[in-house]
1. For the range 41-50, check the following and say yes or no: at least one residue is within 13 Å of the ligand (Cβ to nearest atom) and under 14 Å from Tyr94 (Cα atoms).
2. Check Asn104, Asn123, Asn138 and return the single one that is open to solvent by 20 Å² or more (accessible area, probe 1.4 Å) and under 21 Å from Tyr261 (Cα atoms).
3. Where the second residue is in a helix (DSSP H, G or I) and the first is closer than 14 Å to Ala232 by Cβ and lies in the range 113-132, which pairs have Cβ atoms under 6 Å and are six or more apart or on separate chains?
4. Among all residue pairs at least 6 apart or on different chains, which show Cβ distances below 9 Å where the first residue, located in the range 151-178, is outside any strand (DSSP E or B) and the second is open to solvent by 70 Å² or more (accessible area, probe 1.4 Å) and of a type in the set (A, V, I, L, M, F, W, C)?
5. Restricting the search to the range 3-20, which residues are away from the ligand (no atom under 12 Å from the Cβ) and either under 15 Å from the mean Cα position of the chain (by Cα) or assigned to a helix (DSSP H, G or I) (or both)?
6. Given the conditions (1) within 14 Å of the ligand (Cβ to nearest atom); (2) surrounded by 16 or more Cβ atoms within 10 Å (Cβ to Cβ); (3) assigned to a loop (DSSP other than H, G, I, E, B), and given that Glu241 satisfies all but one, which numbered condition is not satisfied?
7. State which residue pairs qualify: first residue touching a residue at least 24 places away in the same chain (Cβ under 8 Å) and among the charged types (D, E, K, R) and inside the range 249-271, second residue surrounded by fewer than 18 Cβ atoms within 10 Å (Cβ to Cβ) and assigned to a loop (DSSP other than H, G, I, E, B) in any location, beta carbons under 6 Å apart, and separation of 6 or more residues or different chains.
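The values are calculated or read from the model by the stated rules, or taken from the named source; none is laboratory data. Since this is a predicted model, take the numbers as computed values, not measurements. Virtual Cβ from ideal backbone geometry, glycine too; neighbours counted across all protein chains shown. The accessibility values were calculated without ligands, DNA or RNA, using every heavy atom of the protein model including side chains. Shrake-Rupley method; radii C 1.70, N 1.55, O 1.52, S 1.80 Å.
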Amino acid sequence: MIKQAIIPLAGLGTRLLPLTSVLAKELLPINGKPGIEYILDECIDAGIKEIIFIISKKKEIIKKYFYNDSFYKKIIKKKNDPRIKKEYQKILKYKKMIKFVYQNRPLGTGDAVLKTKNLIKDNHFLMLLPDDLIIKNNCSKSMIKIHQKFKSSVMASMTVEKKTVSRWGIFKFKNRINKQNSLIEDVVEKPLVKNAPSNKAVIGRYILPKKIFNLLLNQKPGKGGEIHITDAIQKLIKDKEKFIAHNFSGKYLDCGTMHGYINSTLEIARS
Ligand code: UTP
């Protein structure tokens, strides 16, 4: 069983400036609820027991969100409002599951993952990128089932427009296992349109093997000077680690850009 999840939250969120100049993007409300709570609910519903947040000193507001007990206690004593009591109970439930580690320099997702090395207990763990919301179906839950069935690592996959491939990690497939799942032969971070092996992109849900940490220890910066998790995954695949791309059901919402963020509120409000 996959019991632990990690969530990188130490990025700068520059695409959501000016909002992110004072607030962590993961706390921005999407239809009245902070984006990170959708991700936490997905984890809990998928049976995850422990969640590791990778934050930075600049994003300690995220920790504060879960550790504001004296404030809640004072307000509840004064107002005795059942809604606030319920919200506080929810925060306490989340808090019990979350551990925090720090990545104070945003060197890339691979470097962020490496910060959790000493906390991962089992052979595989789940990683969720909080900018990527998937609604109407629990993608993590489906991926855990695939991991159990095929004894493999898994990544979420989606077809994207060919002209946008340079925004994503892009797969090359070996063979199709069934309608929604394929064995991966290669994955390339942000390829040029002319070099892209397909238009199937990696979306921010991963079931990764613990052995990825050994590769990350020596991982050099790649595209844009960042240490990408995709580059370490590419090496694992070359070393014959079995990776499945799961073409998930459900609707993908990109909350990392201003247009996507606004649209995600509209989509969730409608659903
Ligand atoms: P992104 O590159 O999409 O997000 O990283 P960003 O850097 O926050 O946003 P922009 O590009 O400046 O707008 C994907 C996820 O990985 C985390 C981010 O917080 C985001 O959740 N991340 C990224 C880290 O935790 N550390 C890093 O060094 C880089």
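1. no
2. Only one candidate qualifies: Asn138.
3. Matching pairs, first to second residue: Val113/Ile229; Leu114/Leu216; Lys117/Phe213.
4. Every condition considered, the pairs that remain are Val165/Leu192; Ser166/Leu192.
5. If the condition is that a residue be away from the ligand (no atom under 12 Å from the Cβ) and either under 15 Å from the mean Cα position of the chain (by Cα) or assigned to a helix (DSSP H, G or I) (or both), then Gln4, Ala5 are the ones that fit.
6. (1)
7. Lys251/Lys136
Rundown of residues vs (1) touching a strand residue (DSSP E or B) at 6+ places or on another chain (Cβ under 6 Å); (2) open to solvent by 80 Å² or more (accessible area, probe 1.4 Å), yes/no style:
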position	(1), (2)
Phe53	yes, no
Lys77	no, yes
Arg83	no, yes
Tyr88	no, no
Met97	yes, no
Leu114	no, no
